[in-house]
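Worksheet for the structure shown next.
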Amino acid sequence: MAMEMRLPVARKPLSESMGRDTKKHLVVPGDTITTDTGFMRGHGTYMGEEKLIASVAGSVERVNKLICVKALKTRYNGEVGDIVVGRITEVQQKRWKVETNSRLDSVLLLSSMNLPGGELRRRSAEDELAMRGFLQEGDLISAEVQAVFSDGAISLHTRSLKYGKLGQGVLVQVSPSLVKRQKTHFHDLPCGASVILGSNGFVWIYPTPEHKEEDAGGFTANLEPVSLTDREVISRLRNCIVSLVTQRMMLYDTSILYCYEASLPHQIKDLLKPEIMEEVVMETRQRLLEQEG
């Protein structure tokens, strides 16, 4: 029986140019950020003995006079307008409970969604009885954050035809701090697959549909068999995203596409090997730096 043995190797240092560009001010709880009293205190900081001190582990971000610490690993803190991917956990009276990687379950109200066919009318008792027919436990949905309550709970809505139930694909869970905020989080990649980069750290990869479902109101999931080539593309994209997350790189359409192109010389299963993972991400990082430079 063939057996593959792996031995540890010394980590290669980053090149000087790359290290200079990607250097961040990292702090741990209790570290003094600044002793200047002219700065304003933001999230992840507190004042002590006239010093601004970090309360979480992460990178320091400054906007004019405001200093905050962005945690490296955290639960999702919702903001109005964010695109999220979530899983239905419970069907309740006139609402669904949704798991969105936040501290509390999110809420999707029956009145905050399109009826099948995009019908506009008041929700009736018949709609309430048919709720499990619309969405049931275990279904994955894409939605937008409508409101954030004082206790941190999130209210969602799916009033646009681009939101709704998700069909066949792969879900990858990453840290929300690694998903870059952009104008759009729905990306059709030229490799033949599409991704939804949820701001809550849930990334959905699915085959690009040939024609958009306009008349279903986001409730009919496409359950047609997925071709082998599409499955291979989705698997490669999934392993590329895992590689980027392992090397703590931000996820957005360009970084994922560059990583996908850098991974093409390797087999899909080999992308999970640490040395190949590092090589592919190093090439991706270099291309991104060249593009920015």
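The values are calculated or read from the model by the stated rules, or taken from the named source; none is laboratory data. All of these numbers come straight from a predicted model, not from anything done at the bench. Quick reminder, even Gly has a Cβ in these numbers, built from the backbone with ideal geometry, and neighbours come from all protein chains shown. When the accessible area is computed, the model is the full protein with side chains, heavy atoms only, and any ligands, DNA or RNA have been set aside. Shrake-Rupley method; radii C 1.70, N 1.55, O 1.52, S 1.80 Å.
Numbers for the structure displayed
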quantity: Dipole of the chain, positive end: most advanced residue of THR100, LEU135, ALA262 [Cβ charges, Cα centre]; calculated: THR100
quantity: For the chain, built as a Gaussian network whose Cα springs stay under 10 Å, the top-fluctuating residue of GLU79, GLU283, GLU224; calculated: GLU224
quantity: Mean separation of Cα contacts under 8 Å, 6 or more apart, over the residue count of the chain: relative contact order %; calculated: 13
quantity: Computed log₁₀ I(q)/I(0) - Debye formula, equal Cα scatterers, no solvent, the chain, q 0.14 Å⁻¹; calculated: -1.13
quantity: Within the accessible area of the chain (1.4 Å probe), percent carbon and sulfur; calculated: 51
quantity: Computed P(r) (all Cα pairs; the stretch 75-149; 10 Å bins; percent); calculated: 18, 53, 26, 3
quantity: Loop trypsin sites (Lys or Arg not before Pro), the stretch 114-160 (other Cβ atoms within 10 Å of the site Cβ: 12 or fewer; DSSP); calculated: ARG121, ARG122
quantity: Violating pairs (Cα-Cα greater than 19 angstrom) within the set LYS51/LYS180; LYS97/LYS165; LYS70/LYS273; LYS97/LYS183; LYS180/LYS273; calculated: LYS51/LYS180; LYS70/LYS273; LYS97/LYS183; LYS180/LYS273
quantity: Shape of the stretch 155-273, Cα gyration tensor, a/c cut at 1.5; calculated: oblate
quantity: Between the stretch 180-202 and the stretch 264-293, the Cα center-to-center distance that results, in Å; calculated: 19
quantity: P(r) weight above 16 Å for the stretch 20-96, C-alpha pairs, percent; calculated: 61
quantity: Per residue accessible area in Å² of the stretch 26-71, where ligands, DNA and RNA are left out and the probe is 1.4 Å; calculated: 62
quantity: Charge dipole (debye, nearest 20) of the chain; +1 at Cβ of Lys and Arg, -1 at Cβ of Asp and Glu; calculated: 680
quantity: Cα-based Kirkwood hydrodynamic radius, the stretch 26-71, one decimal, Å; calculated: 10.0
